[in-house]
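Enquirer: This is the structure I want to talk about, given as structure tokens.
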Amino acid sequence: MADLLAPALRKLCVIAAFACALPMLFQVSVLLVACFIAIAIAGFISNRPLPALLRLLLTLLVGGLVMVQYDFDIGRDTASAVLVAMLLLKTLETHSRRDARSLIGFSLFAPFATFLQDQGPLMLTLSIPAVAMILAAANALTGQGNNALVNLPQRLRSVAAMLALALPLALAGFWLFPRLGTPLWGLPGKSQQGNGLGDRMNPNDWIDILVDDRTVFRVRFIGREPAREQMYWRGPVLWDFDGEIWSRNELDQYSSAPDVSAQGATFRYQLMLEPTERQYLPTLDLPLGAPAGSRLSAEMTAYRREPVQNLVSYEAVAAPLMKFNSALPATQRQRALRLPPNRNPRSLALAREWRAESANDSAYVERVLDWVRADFKYSISAPPLGRDSVDDFLFNTREGFCQHFSSSFVVMMRAAGVPARVVTGYAGGYKNLYGGYWSLYVRDGHAWAEIWLEGRGWVRVDPTAAVAPENILDTLTSVQGQEGLFVEGGGLSTLFDFNDSLKRGWNEFVLGFDALRQQSLLKPVGIDSAERWQLLLALGIGAGIALAITLATLLRQQMTTRDPVERAWHRFVTRMARAGHGKRVDEPAQTYGERLALSLPEQTEQLLSLSRRYVQWRYGANQTGAETLGRLASDLEQFRPVRPRRHQEKK
Amino acid sequence: MAATRDAVERFGDRMAALALVRPKKPEALPVRITRHRVYILPTGFGLFLSAILAVLLLGALNYNNNPALLLVFLVAAVAHNSLVQAHLLLSGIQLKSVQADPVHAGQTINLRLLFDAQGQRLRDGLEILHDDQQHDFDLAVAGEYEASLPLTSTRRGWQEVGRLRLSTLRTLGLARAWCWLRPDTQLLVYPAPESEHVPFPEASSGDDVQRTRQHGEQPHHLRDYRTGDSPRQIAWKTSARADRLLVREYEASAAHEIEFDWYQLAGVDYEARIRRLTRWVLDAECAGARYALKIPGEQLGPDRGPEHRHACLRALALMPSSSTEPLPHG
């Protein structure tokens with residue numbers, strides 16, 4: 001076989017590779033888009049291999065450019081951009097059939113990388129033609145492909161048929177192939193730690209948390225569900241503030257739980273926690289007892305002995321209203337009032353002034369929250385703060401997210417002599433309607449405050465939730481510049497309110513499908529939580545059915561002749577066969593016509609003429625005019641066998 | 001076209017040597033390819049793509065990335081279906097006949113294979129392979145195709161067609177589906193003629209031929225072209241007028257009969273004798289002389305014409321080889 005590809009075939013392969021790279025172009029900077037398009041054009045027109053040295057130089061240059069664009073930050077985005085760059089560079093050195101095949105194979109990585117970044121409708125739409133082009137190119141590569149580009153529409157039609165035919169099998173695999181409950185490895189380029197909240201809270205870390213869309217846990221309520229605004233999932237409690245960073249003491253988790261009693265409603269739930277690499281277990285505020293295998297600390301956070309490195313599942317009960325039966329221990333009170341020295345003088349002065357003007361602690365808290373409601377704005381792209389971070393936030397920027405609000409609020413409380421602490425955790429969640437469970441993502445990470453009110457104990461106050469809806473400047477979604485999935489979370493429910501049921505359907509059925517959903521897939525047949533072998537059995541059965549459908553279609557698949565006369569003849573024969581006059585496989589058309597004429601004496605003339613004309617057209621040397629052909633086709637189409645008269649008489 | 005074969009194909013070739021592979025022995029034509037005898041193995045590209053799909057599957061499962069999983073399963077399902085399609089492409093094809101005109105040993109046999117197809121299916125991208133000779137073709141719906149393959153003839157006598165491979169890479173080049181064809185057709189290979197022209201055995205006969213040629217400027221008789229006639233005998237101008245190929249037949253008198261006698265060539269090596277007789281038969285036919293051939297156990301002619309020539313050459317071709325059956329020298 002020829003070593004060099006036909007130019008048209010080469011161009012088709014380059015187009016296919018570019019179609020795969022196209023979705024990725026929406027995710028890189030303008031400079032890189034220009035660069036990538038330039039490479040693709042060069043790949044499209046280059047006819048002979050470039051010198052190896054030049055190729056190496058070009059590769060280094062483009063690789064370097066990508067790295068510079070991403071500030072040498074090795075991560076998922078960078079890796080994807082490098083991949084696309086290398087894919088497009090490969091088009092420059094695609095000249096043999098073998099090169100073309102490896103180009104096509106590697107092209108499949110491009111849509112994959114795109115989906116890692118973005119599973120939005122645009123990317124999905126763009127990846128369909130990409131796959132079709134890949135298949136068309138692979139198909140063209142089985143031939144010489146001298147007119148691969150001219151044949152392209154025809155080829156794409158047959159590829160579309162192939163894709164349609166592949167759907168039953170693909171869907172069976174998609175829904176029934178056993179999913180991993182726990183990832184084998186973490187997302188590339190994300191922080192080395194697990195997806196849990198840390199022991200510290202500083203603004204820079206938290207920005208990362210707010211854009212991380214990994215799942216932290218899924219939770220299913222047994223019986224009643226609390227309102228979503230009330231869903232605060234408790235994590236580590238931070239006591240200590242040095243002016244910049246909030247932190248906790250490692251030893252806190254070994255303290256013993258306070259004496260509490262539940263008041264009012266309780267909620268029971270089952271929670272499945274992804275590996276967080278942390279010891280704490282998120283529990284619904286406030287936990288009534290520690291989940292199995294853990295213990296509650298003095299600050300009511302559940303801790304395990306070992307970090308969570310595998311999927312863990314636990315059941316727990318929460319009581320939003322709790323009575324603290326003992327007084328605040330002196331050491332805790334001391335810690336809950338401590339402030340960093342020589343910082344935030346204006347805030348401290350204001351706090352003391354307002355407390356003095358208020359009748360009691362509750363009134364003071366209300367006054368502070370009113371201020372937040374009136375003058376503060378929520379923005380995740382908050383400006384940086386100076387040394388007196390709380391002063392800066394309260395009097396200058398007045399713009400921030402949960403970290404700023406909770407930090408400043410607690411400082412205001414402590415300055416006024418109200419014991420207060422920062423609680424980190426997750427807020428809200430995404431209700432998975434089909435699975436009937438809630439999903440919480442890293443970006444649902446939240447920080448709020450707890451204050452000690454005499455007679456009531458620790459009381460949760462969320463200053464972030466006090467921000468007036470019209471003061472919400474930008475959210476996670478607008479910062480990312482794209483529509484995130486599942487963004488319907490939490491205490492900030494008004495922020496992410498999507499009513500797009502279509503998209504949710506897609507999310508529910510396809511994007512949101514996972515191991516947990518898969519286990520409940522067999523519910524209709526009475527299996528609530530499928531075991532692996534049951535799933536494998538279901539996969540076997542499902543794939544078997546899909547295979548049967550596919551094979552039946554393939555075996556029936558008739559070559560669709562484009563020629564109208566041929567098609568009309570074929571239909572004519574089928575019709576006659578249905579009337580009991582089938583054509584034998586080896587029977588020539590002329591003989592068949594004569595036999596038909598004998599068995600249908602009413603239509604002898606017509607049948608003889610039809611078969612003669614068909615034979616003339618099919619095997620005759622002289623070209624029949626288009627008009628005559630049209631008449632032949634329509635005559636064949638219109639012919640209907642008439643029953644011989646004696647049959648009618650018998651009736 | 002010469003074909004190169006990759007590792008997977010070579011594996012298939014080795015497999016063909018196994019007793020289990022169909023057809024187990026040469027078979028009579030026509031042969032319809034049934035599903036039992038279609039084999040399929042992935043190509044290098046197929047293995048490469050499977051590896052890529054495996055990597056993507058693992059990645060997609062790990063991140064529970066559903067669009068990526070859908071992509072993987074879709075491509076995998078298309079790949080799977082392409083294997084079935086390749087299988088269906090081959091089954092139902094029929095090898096109707098294998099034909100070849102006899103050639104002299106050492107010349108290239110032009111093997112003509114007539115295929116037709118059953119069912120309403122377009123069968124494109126077919127490759128027929130014999131040794132390292134390949135021919136690509138398509139079979140239209142209910143169509144016929146005559147593929148021709150050059151085949152080297154090695155020695156006189158019957159030559160087996162051997163094993164032919166009908167294969168396809170369609171629809172995606174991920175796998176090669178093939179079946180072996182072993183027609184029992186025997187191809188006749190004439191002996192190679194001696195390269196030098198050697199005078200006919202009787203000195204006078206050479207003159208006779210000479211005279212015949214002079215006399216034979218005007219042919220006595222024209223007849224239709226028959227396979228095996230020498231192009232030199234064709235009356236081109238007359239053929240053009242008659243719109244069919246006509247061949248001159250020269251009148252030669254009984255006096256010009258030549259006898260080629262095996263036993264008169266005593267002293268010449270066994271195979272060399274066959275070559276010389278072959279040369280003489282060709283020359284005599286070319287000259288339009290009547291000739292007879294006498295070989296052990298057989299006497300042909302005197303006669304002339306393509307049939308006679310063929311009978312003579314065939315007799316010479318089928319002479320037992322010297323080693324197996326020593327002949328008495330006369």
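The values are calculated or read from the model by the stated rules, or taken from the named source; none is laboratory data. Fair warning: this is a prediction, and the values are worked out from it, not measured in the lab. In this analysis, Cβ positions are derived from the backbone assuming ideal geometry, glycine residues included, and neighbour counts consider all displayed protein chains.
Enquirer: Kindly provide the set of residues from region A:212-227 that are at pLDDT below 85, touching a Phe, Trp or Tyr at 6+ places or on another chain (Cβ under 7 Å) and part of a strand (DSSP E or B), ordered by number.
Expert: A:Thr215, A:Val216, A:Arg218, A:Val219, A:Arg220
Enquirer: Something else about it: Against the condition in contact (Cβ under 8 Å) with a residue 24 or more places away in the chain, out of contact with any Lys or Arg (no Cβ under 6 Å at 6 or more places or on another chain) and of a type in the set (Val, Ile, Thr), how does A:Ile45 come out, does it pass?
Expert: In short, no.
Enquirer: Consider B:Ser322 against the criteria (1) among the hydroxyl-bearing types (Ser, Thr, Tyr); (2) at pLDDT below 75; (3) outside any loop (DSSP other than H, G, I, E, B): it satisfies all of them except one. Which criterion is unmet?
Expert: All conditions pass for B:Ser322, except number (3).
Okay, residues lined up against (1) assigned to a loop (DSSP other than H, G, I, E, B); (2) modelled with pLDDT of 85 or more; (3) under 18 Å from B:Arg35 (Cα atoms):
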residue	(1), (2), (3)
B:Ser167	no, yes, yes
B:Gly173	yes, yes, no
B:Arg176	no, yes, yes
B:Trp180	no, yes, yes
B:Leu188	no, yes, no
B:Pro193	yes, yes, no
B:Val198	yes, no, no
B:Pro201	yes, no, no
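Enquirer: Kindly provide the set of residues from region A:171-186 that are small (Gly, Ala, Ser) and either more than 10 Å from chain B (Cβ to nearest Cβ) or in contact (Cβ under 8 Å) with a residue 40 or more places away in the chain (or both), ordered by number. Talk me through it step by step, then tell me what you get.
Expert: Start the filter on region A:171-186 by keeping residues that are small (Gly, Ala, Ser), which leaves A:172-173, A:181, A:186.
Passing the criteria: A:Ala172, A:Gly173, A:Gly181.
Enquirer: Which helices (runs of 4 or more DSSP H) does region A:563-651 wholly contain that include 3 or more residues that are modelled with pLDDT of 75 or more and not hydroxyl-bearing (Ser, Thr, Tyr)?
Expert: On the way: elements: A:564-578, A:589-599, A:604-619, A:626-638, A:645-650.
The qualifying helices (runs of 4 or more DSSP H) are A:564-578, A:589-599, A:604-619, A:626-638.
Enquirer: What residue, of B:Ala266, B:Ala272, B:Ala252, is surrounded by fewer than 17 Cβ atoms within 10 Å (Cβ to Cβ), aliphatic (A, V, I, L, M) and at pLDDT below 80? Can you show your working first?
Expert: Details: B:Ala272 fails: at pLDDT below 80; B:Ala252 fails: surrounded by fewer than 17 Cβ atoms within 10 Å (Cβ to Cβ).
Residue meeting the stated conditions: B:Ala266.
Enquirer: Could you list, in sequence order, the residues of region B:144-164 that are in a strand (DSSP E or B), closer than 24 Å to B:Ile40 by Cβ and within 14 Å of the chain's Cα centre (by Cα)?
Expert: Going through region B:144-164, the residues in a strand (DSSP E or B) turn out to be B:144-152, B:157-160, B:164.
Subsequent filtering for residues that are closer than 24 Å to B:Ile40 by Cβ retains B:145, B:147, B:149, B:164.
The answer is B:Ala147, B:Leu149, B:Leu164.
Enquirer: Within region A:57-109, track down each residue that is in contact with a Phe, Trp or Tyr (Cβ under 6 Å, 6 or more places away or on another chain) and among the charged types (D, E, K, R).
Expert: A:Arg101
Condition check ((1) surrounded by fewer than 15 Cβ atoms within 10 Å (Cβ to Cβ); (2) within 11 Å of chain B (Cβ to nearest Cβ); (3) farther than 16 Å from B:Arg170 by Cα) across all residues:
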| position | (1), (2), (3) |
| --- | --- |
| A:Met123 | no, yes, yes |
| A:Val131 | no, yes, yes |
| A:Ala137 | no, yes, no |
| A:Asn147 | yes, no, yes |
| A:Gln154 | yes, no, no |
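Enquirer: Here's something else I'd like to know. Filter region A:120-136 down to the residues that are without any contact (Cβ under 8 Å) to a residue 24 or more places away in the chain and over 18 Å from A:Phe26 (Cα atoms) and list them by number.
Expert: Passing the criteria: none in range.
Enquirer: Of the residues B:Ala86, B:Ala77, only one is buried (at least 16 other Cβ atoms within 10 Å of the Cβ), of a type in the set (A, V, I, L, M) and either in contact with a Gly (Cβ under 8 Å, 6 or more places away or on another chain) or farther than 22 Å from A:Arg101 by Cβ (or both); which? Show your work before the answer.
Expert: Details: B:Ala86 fails: either in contact with a Gly (Cβ under 8 Å, 6 or more places away or on another chain) or farther than 22 Å from A:Arg101 by Cβ (or both).
Result: B:Ala77 is the single residue among B:Ala86, B:Ala77 that is buried (at least 16 other Cβ atoms within 10 Å of the Cβ), of a type in the set (A, V, I, L, M) and either in contact with a Gly (Cβ under 8 Å, 6 or more places away or on another chain) or farther than 22 Å from A:Arg101 by Cβ (or both).
Enquirer: Restricting region A:266-277 to residues that are part of a loop (DSSP other than H, G, I, E, B) and touching a strand residue (DSSP E or B) at 6+ places or on another chain (Cβ under 8 Å), which is surrounded by the fewest Cβ atoms within 10 Å (Cβ to Cβ)? Let's see the steps before the verdict.
Expert: Taking region A:266-277 as the starting set, the residues that turn out to be part of a loop (DSSP other than H, G, I, E, B) are A:266, A:274-277.
Within this subset, residues satisfying the condition of being touching a strand residue (DSSP E or B) at 6+ places or on another chain (Cβ under 8 Å) are A:266, A:274, A:276.
Values: A:Thr266: 16, A:Glu274: 22, A:Thr276: 22.
Out of the qualifying residues, it is A:Thr266.
Enquirer: While we're here: Would region A:110-118 turn up any residue that is facing another protein chain (nearest Cβ under 8 Å), more than 19 Å from B:Leu47 (Cα to Cα), touching a residue at least 40 places away in the same chain (Cβ under 8 Å) and of a type outside the set (Lys, Arg)?
Expert: yes
Enquirer: Go over the candidates B:Gln107, B:Gln118, B:Gln134 one by one and state the one that is assigned by TED's automatic domain parsing to the domain that holds B:Leu47, more than 26 Å from B:Val21 (Cβ to Cβ) and either of a type in the set (Lys, Arg) or surrounded by fewer than 20 Cβ atoms within 10 Å (Cβ to Cβ) (or both). Talk me through it step by step, then tell me what you get.
Expert: Numbers: B:Gln118 fails: more than 26 Å from B:Val21 (Cβ to Cβ); B:Gln134 fails: more than 26 Å from B:Val21 (Cβ to Cβ).
Going through B:Gln107, B:Gln118, B:Gln134 in turn, just one is assigned by TED's automatic domain parsing to the domain that holds B:Leu47, more than 26 Å from B:Val21 (Cβ to Cβ) and either of a type in the set (Lys, Arg) or surrounded by fewer than 20 Cβ atoms within 10 Å (Cβ to Cβ) (or both): B:Gln107.
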